[in-house]
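In what follows, a single structure is set out as structure tokens and then discussed.
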Amino acid sequence: MRKQRLTALPPVARARKTSKEEEVRKVFQEIDSRGCGELSLDDLRSYMCDYLGFGQADAESMMNQDGGTGQSSLDFDNFRKNYARMNPFSIMERQNEVIIRKPGALCGQMAVLDGLEDCQVYICDTSAQIMMDYCKRCTVLLGPCQSSVFVRNCEDCCLWVAAQQLRTRDCQRCTFHMYAKTAPIIETSQEMSFGPWAACYPKCVSQFEKVSFDPTRNFWNAIYDFTPSKTGTCNWRIMPLQEITQLVVDLDEAPEIAAQPDGPLGPVTFDQLCAKPLQSEGSTGQSVANIAQVGPALPSPPASGVAVKSRSFQDRATISAAVVTRKAAAAAAQAAPAATSTDTVQSGSPAPEPAKPPSNEETKQTTKTPGVR
């Protein structure tokens with residue numbers, strides 16, 4: 001029986017590096033279902049993946065953060081050292097990791113992504129607000145955000161974002177597949193690329209409905225630039241059809257809550273890329289500045305047979321968990337000295353390498369990254 005997904009703020013909602021030992025030990029004991037003083041990978045998967053709504057890669061990273069891929073158990077000292085990683089809402093200072101938040105994991109709260117490099121982040125849940133700062137070369141999916149998504153000081157990231165509004169500042173060479181309920185705003189940002197939302201994951205359609213996002217009213221190309229170039233060039237462009245990437249995320253869930261990936265919008269077409277921006281009925285702040293805008297050229301028609309690219313990710317375990325911990329194995333060895341150790345870990349495929357934002361020269365293909373289909 002898999003652990004049921006939480007429905008309220010979890011005990012680790014304020015987990016941080018400076019959390020008191022009493023708080024950390026209470027959570028450790030809750031996860032330690034066998035009361036043996038060490039956590040197995042199955043213990044972490046039950047609590048992190050099923051209860052909190054993290055991904056398999058999150059649990060494996062927690063287990064092996066300090067000891068490499070050979071770890072079969074996690075003692076309290078190492079758990080406390082990495083306790084901040086248990087916080088569902090704060091994802092900070094990570095490199096070359098896959099990070100997942102399943103439906104229900106954020107409980108509608110805000111989330112922070114800060115200091116990530118070469119990571120893959122899949123936030124498959126609704127949120128109150130998202131702040132993404134100082135991230136480089138990351139692939140990021142952000143499910144429906146009821147207010148603003150702030151992207152600041154980021155470079156070479158490829159994003160799928162659904163938000164009431166997008167605001168960027170001091171960003172370079174970032175790519176956005178957007179659903180925007182109001183006009184996105186960019187500021188002191190250059191070489192930005194935009195296209196319509198092109199992502200599917202379990203319960204995506206119901207999440208759009210929950211936050212009242214109308215898929216037919218998408219302001220993805222109604223970009224307002226607070227700092228347009230003085231040379232007359234545009235700081236953003238519309239991606240040609242061959243650069244659009246359709247992302248499909250499949251999550252590992254208990255059978256009673258599992259669902260197939262779905263999306264509120266169909267495949268992106270060339271006509272969509274050339275459509276005129278929608279006119280907003282309300283102000284998003286640009287009327288105060290009244291800054292003349294420089295629009296981008298429309299993309300060229302695609303060659304015959306050209307279509308959007310496809311990228312898929314599966315939330316799957318890459319390491320076989322050993323149920324027996326070091327303490328249990330030691331006790332068994334003392335009881336039967338001739339027996340061989342059962343403390344084994346089998347490694348699956350290596351952790352996924354981060355995806356790079358698509359380049360102009362790419363042709364239609366499926367991204368092949370370990371752990372990414």
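The values are calculated or read from the model by the stated rules, or taken from the named source; none is laboratory data. Keep in mind that what you see is a predicted model, and the values were worked out from it rather than measured. Using ideal geometry, Cβ is built from the backbone for each residue, glycine included, and neighbour counts are taken over all protein chains shown. Remember, those area values only see protein heavy atoms, side chains included, never the ligands or the DNA or RNA. Shrake-Rupley method; radii C 1.70, N 1.55, O 1.52, S 1.80 Å.
Residues of the stretch 186-219 that are touching a residue at least 60 places away in the same chain (Cβ under 8 Å) and part of a loop (DSSP other than H, G, I, E, B): Trp197, Ala198, Lys203, Val211, Phe213, Arg217, Asn218, Phe219. Contact annotation: residue pairs with Cβ atoms under 6 Å, 6 or more positions apart or on different chains, pairing a residue in the stretch 151-174 that is closer than 12 Å to Glu191 by Cα with a partner that is open to solvent by 40 Å² or more (accessible area, probe 1.4 Å) and β-branched (Val, Ile, Thr), are Asp170/Thr188. Against the list (1) surrounded by fewer than 18 Cβ atoms within 10 Å (Cβ to Cβ); (2) more than 23 Å from Ala275 (Cβ to Cβ), the condition Ser212 fails is (2).
This table checks each residue for (1) in contact with a strand residue (DSSP E or B) (Cβ under 7 Å, 6 or more places away or on another chain); (2) not charged (D, E, K, R).
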{"position": "Ala13", "(1), (2)": "no, yes"}
{"position": "Glu23", "(1), (2)": "no, no"}
{"position": "Arg45", "(1), (2)": "no, no"}
{"position": "Ser72", "(1), (2)": "no, yes"}
{"position": "Ser90", "(1), (2)": "yes, yes"}
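Is it fair to say Val205 is of a type outside the set (Lys, Arg) and in contact with a Leu (Cβ under 6 Å, 6 or more places away or on another chain)?
Details: of a type outside the set (Lys, Arg): yes; in contact with a Leu (Cβ under 6 Å, 6 or more places away or on another chain): no.
No; evaluated as a whole, the condition is false for this residue.
If you check Glu281 against the conditions, is it at pLDDT below 90, at negative phi, in a loop (DSSP other than H, G, I, E, B) and open to solvent by 80 Å² or more (accessible area, probe 1.4 Å)? Considered against the rule, which asks whether it is at pLDDT below 90, at negative phi, in a loop (DSSP other than H, G, I, E, B) and open to solvent by 80 Å² or more (accessible area, probe 1.4 Å), Glu281 comes out as yes. Given the conditions (1) farther than 16 Å from Arg101 by Cβ; (2) at pLDDT 95 or above, report the number of the one that Leu9 does not fulfil. Looking at each condition in turn, Leu9 falls short on (1). Out of Ala222, Ala183, one residue alone is aliphatic (A, V, I, L, M), surrounded by fewer than 22 Cβ atoms within 10 Å (Cβ to Cβ), at pLDDT 95 or above and in a loop (DSSP other than H, G, I, E, B). It is Ala222. Determine, yes or no, whether Pro358 is at pLDDT below 50, surrounded by 13 or more Cβ atoms within 10 Å (Cβ to Cβ) and in contact with a helix residue (DSSP H, G or I) (Cβ under 7 Å, 6 or more places away or on another chain). So Pro358 fits the description; yes. Regarding the stretch 158-165, can at least one residue be identified that is of a type outside the set (Lys, Arg), open to solvent by 10 Å² or more (accessible area, probe 1.4 Å) and modelled with pLDDT of 95 or more? Scanning the stretch 158-165, I find at least one residue that is of a type outside the set (Lys, Arg), open to solvent by 10 Å² or more (accessible area, probe 1.4 Å) and modelled with pLDDT of 95 or more, so the answer is yes.
Which residues, taken from the stretch 136-154, are of a type outside the set (A, V, I, L, M, F, W, C) and more than 15 Å from Val121 (Cα to Cα)? First the steps, then the outcome.
In the first step, residues of the stretch 136-154 are kept if they are of a type outside the set (A, V, I, L, M, F, W, C); the result is 136-137, 139, 143-144, 146-148, 152-153.
Correct list: Gln146, Ser147, Ser148, Arg152, Asn153.
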